[in-house]
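Engineer: Pasting a structure below so you can have a look.
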Amino acid sequence: MDIKKAKEVLGKSLDFIMSESFTPAQKKQIEKDTVANFNNHINPGWLKYRKSVSSNAASIEWTDYDSYFVDLDGEKFIDFLGGFGIFTFGHRNPEILKYVKKQLDHQALHSQELLDPLRGYLAQAMAAITPGDLEFCFFTNGGAEAVEMALKLARIASKKTWILSTINGFHGKSMGAISVSGKDLYRSPYFPLIGQVSHAIYGDIEDMKSSVWKLKKAGEKIAAIILEPIQGEAGIIVPPKGYLKGIRNLCDENDILLIFDEIQCGMGRTGSYFRCQAENVTPDIMTYGKAFGGGIMPITGIIARKHLWIKELQDNPWMLGSPTFGGNPLSCSAALGAINFMINHNVPKLAREKGEFLMKGLKKLQKKYPKLLIDVRGVGLMVGVEFPKTEIGYFVAKNLFARKVMMAGTLNNASVIRLEPAATTSYEDFSKVLTYMDEVLGCAKKEFNL
Ligand SMILES: Cc1ncc(COP(=O)(O)O)c(C=O)c1O
């Protein structure tokens, strides 16, 4: 224990938070402290892994607005990573932020005992914008936690156990969520995971049918099928048209609950409020998150059909879960503001139109550099570009970063780079990014002799 040290750290960091601007010496101090703190108190791996795309090891973010991140030196980066789906409505969107600030002025967190009205209004708004008869919400703090609630609800309501999911699907990294995710790398170090989970090939209805048939033939009871309407982490995999409907029919025929994980593809990003609406399919349970908090507050949740809230869950509303901060007033104010913005600005339409513009530009580049850009795919503003090897993707991400464009490409995983810009990004910035891509692909062509 070293209270003197703690006081020194607190004094410094709280002063920095309160500062309007920094002197060059202060900037140097923050940079030095941050690198040392990541190395000594977080995980030295981050500096090598995530931040490696920047030419400067200590590229430190300090503020954000519109579609930009700004570092300590005031350098502005066009954000085409979008926090993997968080910033659909931009960064600290003033039309959302104003509600969060006002809410903070009178209440941040709830008593845990009285009834908090914003939670109720948010649930009502969600019931109104989600498909079919999805009506009852449970709010959580992170995506994996929402998935946990979806899985638990499916099991308790159906009184069955098996969960079918998809190869390469991603649902988060808590024990239940990683169990239903489908990538070996993140699962196998934690074996044994939760039992009675099986994976089918994503996008292949016959494989899912066969999985259901085999389990049923062996007398097993299937509670639910969980999948992403578009796989995000897997590298933006859009299933064939009719797949979601086929899965819905399969569930209906076999009395299986259907869970759609809309955490990344929902909230307007893919051209409809939720992706399943574009395919006219209603799940029994749906998860949402990321952009749900308006890019300002962390809030996620599930919405489900009323009949799943069985007597046991009504007798004891804490039976499913009791997250202390889930659905707190401050987060709810952000989500209410986000939904309001999404509707008033027709964000799905913006995502469709700007997505088309981006896709057109990328397809042109693919024609020009066919050996470098082996695939360009996606829906709305959930887009993936595929390179023949990870080094090329990394080269592209690194060189775009040097041109002040942020995209996700790590040293270990850059064969598919995801582009998830805000729907509020200007056409001028879209054009700029496409021009820079052209430049960088030109350099990559020389560098890799392709
Ligand atoms: C579809 C999907 N589900 C769940 C999650 C997990 O969310 P979180 O990282 O907030 O736990 C993610 C995160 O990328 C996701 O894309």
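Engineer: For V35 and K368, what does the FRET efficiency come to when R0 = 41 Å and r is the distance between their Cβ atoms, rounded to the nearest 0.05?
Structural biologist: 0.60
Engineer: So how do 214-225, 421-432 stack up, highest first, on mean other-Cβ count within 10 Å?
Structural biologist: Answer by packing, highest mean first, reads 421-432, 214-225.
Engineer: List the pairs from K349/K371; K48/K368; K12/K102; K290/K349; K360/K389; K27/K48 whose alpha-carbon separation is above 26 Å, in the order I gave them.
Structural biologist: Distance filter (> 26 Å) returns K349/K371; K48/K368; K12/K102.
Engineer: Still on this structure: Could you name the aspartates and glutamates whose alpha carbon sits less than 18 Å from that of K306, not counting residues in the same chain fewer than 8 places away?
Structural biologist: Excluding near neighbours in sequence, the set is D133, E135, D252, D255, D284, D315.
Engineer: Which of the peptides 202-213, 20-31, 82-93 is most tightly packed, and how do the rest follow, judged by the mean count of other Cβ atoms within 10 Å per residue?
Structural biologist: Peptide ranking by packing, descending: 82-93, 202-213, 20-31.
Engineer: Also, I was wondering about something else. In percent, how large is the relative contact order of the chain, given Cα pairs closer than 8 Å and 6 or more residues apart?
Structural biologist: For the chain, the relative contact order is 21 percent.
Engineer: Moving to a separate point now. For an R0 of 41 angstrom, estimate the FRET efficiency from the Cβ-Cβ distance between D105 and I201 and round to the nearest 0.05.
Structural biologist: Efficiency, from the Cβ-Cβ distance: 0.20.
Engineer: Follow-up question, since we're still on this one. If packing is taken as the average count of other Cβ atoms within 10 Å, what order do 440-446, 386-392, 231-237, 294-300 fall into, highest mean first?
Structural biologist: Averaged packing, sorted descending, gives the order 294-300, 231-237, 386-392, 440-446.
Engineer: Additional query: So how long is each side of the chain along the principal axes, counting just the alpha-carbon atoms, biggest first, in Å?
Structural biologist: 65, 57, 46 Å, listed from the longest principal axis down.
Engineer: What GluC sites (Glu not before Pro) in the stretch 79-180 are in a loop by DSSP, with at most 11 other Cβ atoms within 10 Å of the Cβ?
Structural biologist: Those satisfying the criteria are E113.
Engineer: Please give every one of the aspartates and glutamates within straight-line cross-link reach of K311, meaning a C-alpha to C-alpha distance under 13 Å, and leave out same-chain neighbours fewer than 8 residues apart.
Structural biologist: none
Engineer: Taking the Cα centre as origin and putting +1 on Lys and Arg beta-carbons and -1 on Asp and Glu beta-carbons, what dipole magnitude results for the chain, to the nearest 20 debye?
Structural biologist: It works out to roughly 840 debye.
Engineer: Based on DSSP, what percent of beta bridges with both residues in the chain are antiparallel, to the nearest 5?
Structural biologist: 65
Engineer: Taking the chain as a Gaussian network, where each spring joins two C-alpha atoms under 10 Å apart, which residue of N168, N40, N249 fluctuates the most?
Structural biologist: Among N168, N40, N249, the largest GNM mean-square fluctuation belongs to N40.
Engineer: Do any of K5/K76; K5/K404; K354/K404; K241/K445 go past 31 Å between their Cα atoms, and which?
Structural biologist: Flagged as over cut-off: K5/K76; K5/K404; K241/K445.
Engineer: Need one number: nm distance between label points at S322 and E95, each 7 Å from Cα along Cα→Cβ, rounded to one decimal.
Structural biologist: Roughly 4.0 nm, to one decimal.
Engineer: Which residue, F191, I392, W318, has the largest displacement toward the positive end of the dipole of the chain when charges sit on each Cβ (Lys, Arg +1; Asp, Glu -1)?
Structural biologist: After comparing all options, I get I392.
Engineer: Sticking with this structure for a sec: Once the dipole of the chain is set up with Lys and Arg at +1 and Asp and Glu at -1 on Cβ about the Cα centre, which of W162, N141, H345 lies farthest towards its positive end?
Structural biologist: W162
Engineer: Nearest 0.05, what FRET efficiency do T161 and A25 give at R0 = 51 Å with Cβ-Cβ as r?
Structural biologist: Calculated value: 0.25.
Engineer: Further question on the same structure: Less than 19 Å apart at the alpha-carbon level, and either on another chain or at least 8 residues along: which aspartates and glutamates does that give for K4?
Structural biologist: Output for K4: D15, D33.
We did not get these values from a lab; they are worked out from the coordinates using the rules stated. What you see is a predicted model, and the numbers here were worked out from it, not measured in a lab. Ideal geometry is used to build each Cβ from the backbone, glycine not excepted, and the neighbour counts take in all protein chains shown.
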